[in-house]
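Derivation of every value follows stated rules applied to the coordinates shown; laboratory data play no part. Here the structure is a predicted model, which is why all the values come from computation and not from measurement. Cβ coordinates were reconstructed from backbone atoms using ideal geometry, including for glycine residues, and neighbour counts include every protein chain displayed.
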Amino acid sequence: MVHIVKQKKKSIKFNVVRESRLIENLIEKLPDDDTVYKIVSFGGFSSIGFVNYIAAQTKIKKMEVSTLRVGKKHLKVLDVLHKKGKLDYVHFLVGSIMSNDSKVGQKYGYFDSLQTVCEANGWDVTVYTNHSKVLLFDTELGKFVIETSSNLNENPKMEQFSFEKNEELYDMYHDIFDEVRHMR
């Protein structure tokens, strides 16, 4: 049987505080070693809401982001978290399509903005033929992983998230991202 769910078209404006509150209403605390949160959002929140949610509960020492693109508003949130001392280091693994955006008439300038913020904060960016969406968090409370369909940009669509505290899974993804980083 096929179920078609129609949702009324709503204009959802980016608001990281609203997104974080929605996530907080769904999950009361960060996952422990025995908990995996599986969440589907119908455009209510994106990956940046999770980043802000985690940073509100623990310092993020290192974050690794694999995504197709990073939006300017989301990048600004990360920069603010860094300036507040809640986020130390970030390594971005972005799709080559993002770096190409800046070359095509400077239409969006997303990649240029990403490079500028990375330089200012001592962060790194690797460009690769990439479409994966994974966020790794090495925090004062342990290592967390988010596997998602959500890019790190504004995208009020239906998105899925799997959020867990799992050092073994973290290390697996970290090793893969590190391998890609050193292919250059």
Amide hydrogen neighbours beyond the local backbone of S150, cut-off 5 Å, H modeled: Q160
Residue exposure sequence - E179, E64, E167, E28 - by fewest surrounding Cβ within 10 Å: E28, E179, E167, E64
From phi via Karplus (6.51, -1.76, 1.60), per-residue ³J(HN,Hα) for the stretch 176-182 in Hz, x at Gly/Pro: 5, 5, 5, 4, 4, 4, 9
Which of V145, P31, W123, positive extreme of dipole for the stretch 22-181 (C-beta unit charges): W123
Amide proton proximity set for L93, modelled H, under 5 Å, gap of 5+: V65, S66, T67, T126
Gain upon complete extension [E168, K61; 0.36 nm per residue less C-alpha separation]: 36.8 nm
In Hz, Karplus ³J(HN,Hα) per residue of the stretch 60-68 (6.51, -1.76, 1.60; θ = phi - 60°; x = Gly, Pro): 9, 6, 8, 10, 10, 10, 10, 7, 5
For K59, residues with placed amide H under 5 Å, excluding near neighbours: E140
The chain: calculated mean residue ellipticity at 222 nm from DSSP helix runs of at least 4, using -39500 (n - 2.57): -11500 deg cm²/dmol
